[in-house]
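Undergrad: Could you have a look at this structure, given as structure tokens, before my questions?
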Number of protein chains: 2
Amino acid sequence: MIKVVLLGAGNVATHLFEAFKESNEVEVVQVYNRTKTKLKAFTKYTNTTNSLSELENADVYIISVNDDAIESVSNSLILDNRLIVHTSGSVTIEALKKHKNRGVFYPLQSFTKNKEVDFTTVPMCLETALKSDYSVLETMAKSISKSVYSINSNQRKSLHVAAVFVNNFVNHLYHQAHQICKENDVPFKVLHPLLLETAQKAIEIDPKNAQTGPAKRNDNDVIQNHIQQLPQQIQKEIYSLLTKSIQETYGN
Amino acid sequence: MIKVVLLGAGNVATHLFEAFKESNEVEVVQVYNRTKTKLKAFTKYTNTTNSLSELENADVYIISVNDDAIESVSNSLILDNRLIVHTSGSVTIEALKKHKNRGVFYPLQSFTKNKEVDFTTVPMCLETALKSDYSVLETMAKSISKSVYSINSNQRKSLHVAAVFVNNFVNHLYHQAHQICKENDVPFKVLHPLLLETAQKAIEIDPKNAQTGPAKRNDNDVIQNHIQQLPQQIQKEIYSLLTKSIQETYGN
């Protein structure tokens, strides 16, 4: 068994903890959080502490706190020859530079509090400063997920931007569509199947080949009608810019 | 049985034909297309013709041709007291104004040639000029789909713009993410689960409440890093505009 101390009690830490509970390779021997009340949910299953000076002995220490707190938590850890990792998509491995044995254990998924996650489908992006530390992270990752990738800090940085596009920005376009429907008394659920099919298609074929619509067809009458129809200035701008980008992509 | 003549042999017409084959309420008695070779796929199952003067007797005539040809096909039809409908999301019912009994039978989905569609999940958006014509369209729609909506031309117009957002524009964001991954040697499939989860979440909860990310959090360090990191000018513009729009939405 790989012994793990989990530092943090937020969304990612909680979901990781749940996943490790089912793992045959990993045992979370302790959960740390500076706020005692947030540890309540864990006390039933493992040791907990709100003091960094009381950390237990373990093979791996997983820092799963807010991005801007990672480095300071790392600097507070007085541990020699232990593997210290964080779970962030946007923080470089060098945030842990105080420790020779450092790494990243990044689950690339959008976690919602209180919503169960099938961790077996969550891509685990791994990195270690020392090659010799990689296999322990790999064993941990493979014990909870079927998708495990070696991703260095540069790659993870670009993944994080790409994730903003497929998650944050896509969701905002859903919101804009939702608004357009609402203003015109159309139930948004009419669009649900199209929305899902669009996502599924992008997984089956290269999204470049899946592109359709007035921008791709260069159908300027429809484009002008749509822009004119949109009630908000920012919606018009989004429509124009994405249309321009599609047209540039397909050489129109 | 409701007798139907289908005018057109493209994507939508073909998928509708397949759906009606399984229907107990609708019989497609004839398929028309001006190009004879495109009728081949239908000859095994029903009558076909490439001449508008040879149309058979039917209850409903479905014009499923390119948007810009709908009006001229409609004007060529010499049929009295028959219900004439088109299947387009972006053409008003008035394109069929030559006919007193006119309507719209619009399946809101993105159809791909040679890819089977589960029509029972496709939202059918119906409209008729005369109230008395609605029930026949409703019977037809309900015989192939579980989602049937009464949607007037104005609503359909706004649905069509909203569909451009959730389908065309979202797909283009997938493409941009795909590019970012490619340029950094990261497999795009690492993002597949996030992409799907984002779509599924928007169906379960209002996308406004599902929003996360640096723009929503007003995390300007991350935002500036991301913009700087993007290689293409148009990607920077898309990132900036969508970030601005998210910030305006959440009052940042």
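The values are calculated or read from the model by the stated rules, or taken from the named source; none is laboratory data. Everything numeric here is computed off the predicted structure, so don't read it as measured data. Cβ coordinates were reconstructed from backbone atoms using ideal geometry, including for glycine residues, and neighbour counts include every protein chain displayed. Just the protein is used for accessible areas: all its heavy atoms, side chains included, with ligands, DNA and RNA removed. Shrake-Rupley method; radii C 1.70, N 1.55, O 1.52, S 1.80 Å.
Undergrad: Tally up the residues in the range A:243-252 that are among the polar types (S, T, N, Q) and facing chain B (nearest Cβ under 8 Å), please.
TA: 2
Undergrad: Mind checking which pairs have a first residue in the range B:184-211 that is of a type in the set (S, T, N, Q) and a second that is open to solvent by 40 Å² or more (accessible area, probe 1.4 Å), Cβ under 9 Å, 6 or more apart or different chains?
TA: Between residues of the range B:184-211 that are of a type in the set (S, T, N, Q) and residues that are open to solvent by 40 Å² or more (accessible area, probe 1.4 Å), the close pairs are B:Asn184/A:Asn154; B:Asn184/A:Lys157; B:Gln200/A:Leu196; B:Gln211/B:Tyr250.
Undergrad: So, in the range B:233-252, of the ones that are of a type in the set (S, T, N, Q) and modelled with pLDDT of 95 or more, which residue ends up farthest from A:Gln176 (Cα to Cα)?
TA: Here the residue is B:Gln233.
Undergrad: Okay, moving on. In the range B:168-181, which residues are closer than 19 Å to A:Val222 by Cα and either out of contact with any Gly (no Cβ under 7 Å at 6 or more places or on another chain) or of a type in the set (A, V, I, L, M) (or both)?
TA: Here is the first cut: in the range B:168-181, the residues closer than 19 Å to A:Val222 by Cα are B:168-172.
Matches in the range B:168-181: B:Phe169, B:Val170, B:Asn171, B:His172.
Undergrad: Now for a different question. Exactly one condition in (1) facing chain A (nearest Cβ under 9 Å); (2) at negative phi is not met by B:Ser240; state its number.
TA: The number of the failed condition is (1).
Undergrad: Let me ask another. Out of B:Ser143, B:Ser110, which single residue is touching a Ser or Thr at 6+ places or on another chain (Cβ under 9 Å), touching a residue at least 60 places away in the same chain (Cβ under 8 Å) and on the phi < 0 side of the Ramachandran plot?
TA: Values: B:Ser110 fails: touching a residue at least 60 places away in the same chain (Cβ under 8 Å).
That would be B:Ser143, the only listed residue that is touching a Ser or Thr at 6+ places or on another chain (Cβ under 9 Å), touching a residue at least 60 places away in the same chain (Cβ under 8 Å) and on the phi < 0 side of the Ramachandran plot.
Undergrad: If you don't mind, another one. Out of the residues in the range B:61-102 that are assigned to a strand (DSSP E or B) and over 16 Å from B:Gly8 (Cβ atoms), which is nearest to the chain's Cα centre (by Cα)?
TA: This residue is B:Arg102.
Undergrad: Can you find a residue in the range A:188-206 that is among the aromatic types (Phe, Trp, Tyr) and more than 7 Å from every other protein chain (Cβ to nearest Cβ)?
TA: yes
Undergrad: Going by the conditions given, is B:Thr48 over 18 Å from B:Cys125 (Cα atoms) and free of Cβ contacts under 8 Å to residues at least 12 places away in the same chain?
TA: Spelling it out, it is not the case that B:Thr48 is over 18 Å from B:Cys125 (Cα atoms) and free of Cβ contacts under 8 Å to residues at least 12 places away in the same chain.
Undergrad: Can you report the number of residues in the range B:220-232 which are facing chain A (nearest Cβ under 7 Å) and either under 22 Å from A:Asp68 (Cα atoms) or at pLDDT below 95 (or both)?
TA: Total satisfying the criteria: 3.
Undergrad: Check A:Leu241 against each of (1) closer than 22 Å to B:Phe111 by Cα; (2) out of contact with any Pro (no Cβ under 8 Å at 6 or more places or on another chain) and name the one condition it does not meet.
TA: (1)
Undergrad: Please go through (1) open to solvent by 30 Å² or more (accessible area, probe 1.4 Å); (2) more than 28 Å from B:Ile223 (Cβ to Cβ) for A:Lys115 and return the number of the only condition it doesn't satisfy.
TA: Unmet for A:Lys115, out of (1) open to solvent by 30 Å² or more (accessible area, probe 1.4 Å); (2) more than 28 Å from B:Ile223 (Cβ to Cβ): (2).
Undergrad: Let me ask you something else. With respect to the numbered conditions (1) at the interface with chain B (Cβ under 8 Å from one of its Cβ atoms); (2) buried (at least 22 other Cβ atoms within 10 Å of the Cβ), which one is the sole condition not fulfilled by A:Asn154?
TA: Unmet condition: (2).
Undergrad: May I ask you to list the residues in the range B:6-47 that are open to solvent by 50 Å² or more (accessible area, probe 1.4 Å) and assigned to a strand (DSSP E or B)?
TA: B:Glu27, B:Asn47
Undergrad: Right, another one. Only one residue in B:Lys182, B:Lys157 is out of contact with any Asp or Glu (no Cβ under 7 Å at 6 or more places or on another chain), basic (Lys, Arg) and modelled with pLDDT under 95. Which one?
TA: That would be B:Lys157, the only listed residue that is out of contact with any Asp or Glu (no Cβ under 7 Å at 6 or more places or on another chain), basic (Lys, Arg) and modelled with pLDDT under 95.
Undergrad: Would you pick out the residues in the range A:109-132 that are at pLDDT below 95 and assigned to a loop (DSSP other than H, G, I, E, B)?
TA: Within the range A:109-132, A:Gln109, A:Ser110, A:Phe111, A:Thr112, A:Lys113, A:Asn114, A:Lys115, A:Glu116, A:Val117, A:Asp118 qualify.
Undergrad: With the requirement that a residue be over 29 Å from A:Ser153 (Cα atoms) and open to solvent by 40 Å² or more (accessible area, probe 1.4 Å), what does the range A:48-90 give you? Working first, answer last.
TA: First pass over the range A:48-90, keeping only residues over 29 Å from A:Ser153 (Cα atoms): A:48-51, A:53-54.
A:Thr48, A:Asn50, A:Ser53, A:Glu54 - these are the residues of the range A:48-90 that are over 29 Å from A:Ser153 (Cα atoms) and open to solvent by 40 Å² or more (accessible area, probe 1.4 Å).
Undergrad: Taking the residues in the range B:96-112 that are in contact with an Asp or Glu (Cβ under 7 Å, 6 or more places away or on another chain) and open to solvent by less than 10 Å² (accessible area, probe 1.4 Å) as candidates, determine which candidate is nearest to A:Pro214 (Cα to Cα). Steps first, please.
TA: Residues of the range B:96-112 in contact with an Asp or Glu (Cβ under 7 Å, 6 or more places away or on another chain): B:101, B:103-104, B:109-110.
Okay, now just the ones that are also open to solvent by less than 10 Å² (accessible area, probe 1.4 Å), so B:103-104.
Details: B:Gly103: 24, B:Val104: 21 Å.
Restricting to residues being in contact with an Asp or Glu (Cβ under 7 Å, 6 or more places away or on another chain) and open to solvent by less than 10 Å² (accessible area, probe 1.4 Å), the top hit is B:Val104.
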